[in-house]
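The values are calculated or read from the model by the stated rules, or taken from the named source; none is laboratory data. Every value quoted in this text rests on a predicted model; they were computed, and no experiment measured them. FYI the Cβ positions are ideal-geometry reconstructions off the backbone, even for glycines, and counts take in every protein chain you see. Heads up: the accessible areas ignore ligands, DNA and RNA and are worked out on the full protein's heavy atoms, side chains in. Shrake-Rupley method; radii C 1.70, N 1.55, O 1.52, S 1.80 Å.
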Amino acid sequence: MPALPRLTHLDRLEAESIHILREVFAACERPVLLYSIGKDSSVLLHLAARACHPGRLPLPLLHVDTGWKFREMIAFRDATARQLGLELIVHRNEAGLRAGVSPFTHGSAAYTDIMKTQALREALDAHGFDAAIGGARRDEERSRAKERIFSLRSAQHRWDPRRQRPELWNLYNTRHGPGESLRVFPLSNWTELDVWQYIARERIDVVPLYFAAERPVVERDGQLIMVDDGRLPLAPGERPVLRRVRFRTLGCYPLTAAMPSEAASVADIVRELEGVRVSERQGRLIDHDGAASMERKKREGYF
Amino acid sequence: MAAAGADLLRFITCGSVDDGKSTLIGRLLYESHVLPADQLAALDADSRRRGQPAGTPDFSLLVDGLAAEREQSITIDVAYRHFATARRRFIVADTPGHEQYTRNMVTGATTADAAVLLVDAHEGLLAQTQRHARLVSLLGIRHVLVAINKMDRVGWSRATFERLADAFRDFACPLGFADIACVPLSALYGDNVTAASTNSPWYAGPTLLGWLETIDVDSDRVGKPLRLPVQWVNRPDARFRGFAGTLESGAVRRGDTLVALPSGAQSRVARIVAPGGDLEAAVAGQAVTLTLETGIDVGRGDLLAHVTDPPAVADQLEATIIWMHEAPMLPGRAYFARIGTRTVTGTITALKHRIDVATHGELAARTLELNDIGVCTLAFDQPVAFDSYADNRATGALVLIDRLTNDTVGAGTVRFALRRAQNVHWQSLDVDKAQRAAQKAQRPRVLWFTGLSGAGKSTIANLVEKKLHAAGRHTYLLDGDNVRHGLNRDLGFRDADRVENIRRVAEVARLMTDAGLIVLVSFISPFRSERRMARELFAAGEFLEIHVDTTLEAAESRDAKGLYAKARRGELANFTGIDSPYEPPGHPELRIDTATTTPEEAADLVIACLERAGR
């Protein structure tokens with residue numbers, strides 16, 4: 001008889017995530033996977049494919065496109081969808097686009113609300129999705145430490161901390177009333193390091209922006225902002241310089257800071273993480289819009 | 001930082017803010033170097049704002065979550081924290097300690113394999129610690145560390161530590177823990193948290209972290225009988241039919257003979273399908289996909305086990321229920337019950353007693369309130385496969401869900417299966433319902449009149465029965481007041497009694513429809529849940545709900561029995577409409593507005609409704 005396998009922490013995290021995904025496949029009528037193109041989305045997609053192996057993914061992907069994502073992200077998104085033969089829905093807030101809403105004209109808080117939060121609500125309503133799977137993790141931010149794995153949202157997509165259900169054992173309560181929906185977070189218990197260790201183990205493709213390279217950046221308030229195209233307004237005398245940088249997190253390029261780094265491979269990143277002590281969301285400018293800002297955004301329907 | 005080959009431990013911390021719990025967790029995160037620089041800077045800023053001197057951070061601030069909690073300086077939910085050492089990845093369920101948060105502690109304990117109980121060395125062993133230990137034991141955690149904290153405040157007294165440790169071990173003897181460690185420590189100064197302290201040269205045991213890194217919680221799960229609840233049937237095309245689920249215990253190998261329960265169908269494992277190629281074997285904790293050699297009927301909710309070691313199958317069981325909702329548990333009310341991957345309708349048939357967690361005593365009780373724990377019997381609408389919780393934490397657990405709001409309202413741990421239903425078989429009779437009804441040349445029906453006291457239910461029902469009787473129909477009128485003089489003499493007017501009142505009347509009405517009768521039921525029946533439960537006892541179209549709709553003012557002004565006046569004077573408690581709620585029906589078959597309809601007209605409307613439903 002062959003020896004029985006011994007499970008590592010990555011095996012257990014993987015199994016838990018697959019269990020959560022299969023609950024959604026079995027119990028929700030019209031689920032969707034929110035694909036944000038970042039490393040967590042890549043892991044989530046990999047896990048979803050494992051959960052339904054040898055079948056095809058039983059749900060579509062949704063990307064909320066603000067129009068300000070890095071060009072390499074969009075290229076990676078389209079290549080991934082094509083290679084895996086996925087059903088990809090891209091949603092933009094057309095009214096916001098017509099009004100010319102950008103981080104520069106409306107400020108990062110209003111821009112995020114209109115182009116991300118409102119756009120997501122629009123897309124979920126338009127397609128009648130009753131469950132949206134996302135890659136958020138509890139270790140990312142303080143207010144996420146108490147988020148449920150199956151998080152109930154009202155018909156208005158509001159998150160009411162007082163209506164969140166206790167989650168007992170792995171007996172998830174997936175029931176919801178008409179119009180209500182679930183946000184589901186299969187990566188709740190993963191940390192950033194777990195994600196990279198898993199990417200290394202499974203050889204998962206990620207956007208090249210995660211790896212150090214010479215990129216044109218400007219320095220603003222101590223943050224390195226990459227000049228990804230000609231739309232970034234430059235101050236008089238401000239000039240992009242080439243720096244060797246990488247990104248720990250990916251979002252809208254004017255709101256996502258790069259870090260100086262030499263880590264050019266997944267193994268380098270894992271080593272770097274073991275040494276570096278800056279939390280990954282520090283590069284996200286929208287988190288610093290005021291105390292408890294993530295909690296407020298979540299109540300309003302931000303993922 | 002966890003190496004890629006490290007394993008995973010989930011544990012819960014129990015204690016209150018005063019015991020230094022948040023400080024201890026903050027300290028663990030701090031000392032295992034997982035705190036990033038920006039969080040540390042925020043900690044320093046927060047600490048200074050709270051009046052801490054520079055350089056002495058308040059670690060408890062690290063683990064506070066929501067804004068509301070930070071303002072009140074208390075933790076009111078379960079927060080999950082993550083840290084790692086070279087040997088292990090840890091997931092900490094951080095839960096509040098006070099009695100009003102039993103729900104949160106229970107939630108955190110359900111996924112934990114070990115518990116850290118905090119004791120304030122200065123305060124001694126309090127009732128709260130004993131309560132925590134009992135809850136931890138009830139939820140099946142077998143590895144416990146007692147962190148005897150604030151040793152600096154008792155001068156690192158060895159005698160104090162040993163007295164507390166001995167007292168805990170004596171108390172915990174009947175609780176069935178496999179492993180109890182007592183560690184003297186100071187969360188504030190970091191002694192014996194991650195490194196052995198020079199303040200306690202007399203202590204030779206492990207540090208807190210040392211214990212967490214080395215306890216073995218895994219081996220017994222793999223050694224138990226195979227339990228694989230089927231989560232999802234994966235059918236990408238006509239050729240492939242895979243049964244997907246997580247192995248909760250035991251191991252499975254290709255070629256094993258499995259039984260699917262509750263059906264009892266058997267087959268052999270053809271393949272253990274995995275993306276990297278088929279597996280020969282899989283163990284507890286793995287999420288797998290199996291195919292079987294023969295096409296037996298298996299679906300979500302079935303439990304796969306080895307034929308040699310199957311779980312219990314029954315439609316009744318006894319369980320310990322922990323109530324988690326503001327609305328109390330009512331015996332007789334139907335809830336959804338989730339066991340493994342199966343969701344069924346279940347009713348609490350009896351609440352045997354409530355458990356006083358402080359003393360472990362048994363208290364008489366008629367309902368369970370939020371945070372109460374009681375021993376109950378449950379009956380399901382179909383057989384379910386399960387184990388006792390003591391044998392298997394995964395297949396012996398259940399969750400109760402409210403059928404209207406979908407809220408998770410209770411958690412249960414199975415004590416044992418009840419065989420009563422299996423020994424009382426249905427007697428099949430030669431004359432059946434259809435024949436009895438045919439003899440009377442009518443379709444059996446239930447006309448269920450609901451509405452406030454004084455709305456005119458009995459008056460209308462009485463008129464309807466007279467008219468039906470005159471037309472040669474076979475009827476019976478069950479009236480709330482009359483039934484309460486006999487069959488339901490033992491019931492009062494509290495919510496729990498109202499639920500049982502309706503359950504009995506609905507069952508009597510069912511027997512009467514079985515006899516072929518048209519049954520008129522005239523009961524206030526104020527709760528939606530029970531009217532729905534009653535409706536579900538009958539065949540589709542057989543149950544006609546009639547809402548005799550009147551305003552409270554109109555009913556009160558009529559007040560033929562003088563009951564409203566009494567209730568208003570406070571002489572009659574739990575009176576519907578006054579101090580007990582009435583939940584109007586959403587979609588009754590007929591609504592009668594008593595402001596615009598005379599009783600005679602109302603009776604004709606009811607008979608028209610009955611005719612529409614078919615003779």
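Consider A:ARG175 carefully, then state whether it is open to solvent by 20 Å² or more (accessible area, probe 1.4 Å), within 14 Å of chain B (Cβ to nearest Cβ), under 24 Å from the mean Cα position of the chain (by Cα) and under 30 Å from B:TYR389 (Cβ atoms).
So A:ARG175 fails the test.
When you go through A:ARG77, A:ARG92, A:ARG30 one by one, which is the residue that is farther than 22 Å from A:SER181 by Cβ and more than 14 Å from every other protein chain (Cβ to nearest Cβ)?
Of the residues listed, the single one that is farther than 22 Å from A:SER181 by Cβ and more than 14 Å from every other protein chain (Cβ to nearest Cβ) is A:ARG77.
Of the numbered conditions (1) surrounded by fewer than 17 Cβ atoms within 10 Å (Cβ to Cβ); (2) within 14 Å of A:TYR35 (Cβ to Cβ); (3) of a type in the set (Phe, Trp, Tyr), A:PHE129 satisfies every one except a single condition; which is it?
It is condition (1) that A:PHE129 fails.
Within region B:143-155, work out how many residues are open to solvent by less than 30 Å² (accessible area, probe 1.4 Å) and either within 15 Å of B:TRP202 (Cα to Cα) or in contact with a Cys (Cβ under 8 Å, 6 or more places away or on another chain) (or both).
So the answer is 4.
Only one of B:ASP44, B:ASP38 is acidic (Asp, Glu), modelled with pLDDT under 70 and in the same structural domain as B:ALA112 (by TED's automatic domain parsing); which?
Selected residue: B:ASP38, the only one of B:ASP44, B:ASP38 that is acidic (Asp, Glu), modelled with pLDDT under 70 and in the same structural domain as B:ALA112 (by TED's automatic domain parsing).
On the given criteria, is A:PRO54 at the interface with chain B (Cβ under 7 Å from one of its Cβ atoms) and without any contact (Cβ under 8 Å) to a residue 60 or more places away in the chain?
yes
How do the pairs read when you match residues in region B:239-255 that are within 9 Å of chain A (Cβ to nearest Cβ) and part of a loop (DSSP other than H, G, I, E, B) with residues anywhere that are open to solvent by 10 Å² or more (accessible area, probe 1.4 Å) and small (Gly, Ala, Ser), using Cβ under 6 Å and keeping only pairs 6 or more apart or on different chains?
So the pair list comes out as B:GLU248/B:ALA394.
Somewhere in region B:528-542, is a residue buried (at least 21 other Cβ atoms within 10 Å of the Cβ) and not small (Gly, Ala, Ser)?
yes
What residue, of A:ARG162, A:ARG144, is in the same structural domain as A:ARG30 (by TED's automatic domain parsing), outside any loop (DSSP other than H, G, I, E, B) and touching a residue at least 12 places away in the same chain (Cβ under 8 Å)?
The unique qualifying residue is A:ARG144.
Regarding region B:199-208, can at least one residue be identified that is out of contact with any Gly (no Cβ under 9 Å at 6 or more places or on another chain), polar (S, T, N, Q), at pLDDT 95 or above and open to solvent by 60 Å² or more (accessible area, probe 1.4 Å)?
The answer is yes; a qualifying residue exists.
Does region A:15-25 contain at least one residue that is more than 30 Å from B:GLU248 (Cβ to Cβ) and modelled with pLDDT of 95 or more?
no
Which condition does A:GLN197 not pass, out of (1) facing chain B (nearest Cβ under 10 Å); (2) part of a loop (DSSP other than H, G, I, E, B), if it passes all the others?
For A:GLN197, the exception is condition (2).
Determine whether B:THR160 is over 20 Å from B:ASP94 (Cα atoms), in a helix (DSSP H, G or I) and over 37 Å from the mean Cα position of the chain (by Cα).
yes
Within region B:388-402, how many residues are within 14 Å of chain A (Cβ to nearest Cβ) and either assigned to a loop (DSSP other than H, G, I, E, B) or more than 27 Å from B:GLY361 (Cα to Cα) (or both)?
Here the count works out to 8.
Might you let me know whether region A:6-13 holds any residue that is surrounded by fewer than 16 Cβ atoms within 10 Å (Cβ to Cβ), modelled with pLDDT under 95, touching a strand residue (DSSP E or B) at 6+ places or on another chain (Cβ under 6 Å) and within 30 Å of B:GLU248 (Cβ to Cβ)?
No: zero hits.
Scan region A:220-239 for residues that are open to solvent by 40 Å² or more (accessible area, probe 1.4 Å), assigned to a strand (DSSP E or B) and in contact (Cβ under 8 Å) with a residue 12 or more places away in the chain and report the count.
1
Quick check on my filter: what residues within region A:178-194 are acidic (Asp, Glu) and either assigned to a loop (DSSP other than H, G, I, E, B) or open to solvent by 20 Å² or more (accessible area, probe 1.4 Å) (or both)?
A:GLU180
Looking at B:ASP220, B:ASP237, can you tell me which residue is among the charged types (D, E, K, R), open to solvent by 50 Å² or more (accessible area, probe 1.4 Å) and farther than 30 Å from B:ILE296 by Cβ?
Checking each option against the conditions leaves just B:ASP220.
Could you list, in sequence order, the residues of region B:87-106 that are facing chain A (nearest Cβ under 10 Å) and either of a type in the set (Asp, Glu) or open to solvent by 10 Å² or more (accessible area, probe 1.4 Å) (or both)?
Listed by number, the residues that qualify are B:ARG88, B:ASP94, B:ARG103, B:ASN104.
Strands (runs of 3 or more DSSP E) wholly in region B:269-387 with at least 1 residues that are open to solvent by less than 10 Å² (accessible area, probe 1.4 Å) and of a type outside the set (A, V, I, L, M, F, W, C) - which ones?
Hits in region B:269-387: B:287-292, B:312-323, B:334-339, B:342-356, B:373-386.
I'd like to know if region A:95-104 contains one or more residues that are under 16 Å from the mean Cα position of the chain (by Cα) and modelled with pLDDT under 95.
No, region A:95-104 has no match at all.
Among what's in region A:200-219 and is β-branched (Val, Ile, Thr) and open to solvent by 10 Å² or more (accessible area, probe 1.4 Å), pick the residue that is nearest to the other protein chains (Cβ to nearest Cβ).
Among those that are β-branched (Val, Ile, Thr) and open to solvent by 10 Å² or more (accessible area, probe 1.4 Å), it is A:ILE204.
A:LEU124 passes all but one of (1) within 26 Å of A:GLY55 (Cβ to Cβ); (2) more than 13 Å from every other protein chain (Cβ to nearest Cβ); (3) open to solvent by 30 Å² or more (accessible area, probe 1.4 Å); (4) of a type outside the set (Val, Ile, Thr); which number fails?
A:LEU124 satisfies every listed condition except (3).
Within region B:598-606, can one find any residue that is of a type in the set (S, T, N, Q), assigned by TED's automatic domain parsing to the domain that holds B:SER522 and at pLDDT 90 or above?
Scanning region B:598-606, I find at least one residue that is of a type in the set (S, T, N, Q), assigned by TED's automatic domain parsing to the domain that holds B:SER522 and at pLDDT 90 or above, so the answer is yes.
Between a residue in region B:181-204 that is of a type in the set (Ser, Thr, Tyr) and any residue that is open to solvent by 60 Å² or more (accessible area, probe 1.4 Å), which pairs come within a Cβ distance under 7 Å, given they are 6 or more apart or on different chains?
So the pair list comes out empty.
Could you figure out which of (1) open to solvent by less than 20 Å² (accessible area, probe 1.4 Å); (2) in a helix (DSSP H, G or I); (3) within 30 Å of A:THR8 (Cβ to Cβ) isn't true of A:PRO254?
Unmet condition: (3).
Has region A:238-253 got at least one residue that is over 24 Å from the mean Cα position of the chain (by Cα), of a type outside the set (Lys, Arg) and within 12 Å of another protein chain (Cβ to nearest Cβ)?
Scanning region A:238-253 turns up no residue that is over 24 Å from the mean Cα position of the chain (by Cα), of a type outside the set (Lys, Arg) and within 12 Å of another protein chain (Cβ to nearest Cβ).
Please identify the pairs in which a residue from region B:479-499 that is assigned by TED's automatic domain parsing to the domain that holds B:THR576 and of a type in the set (A, V, I, L, M) has its Cβ atom under 6 Å from the Cβ atom of a residue that is at pLDDT below 85 and exposed (fewer than 15 other Cβ atoms within 10 Å of the Cβ), counting only partners at least 6 apart or on another chain.
Partner pairs satisfying both residue conditions: none exist.
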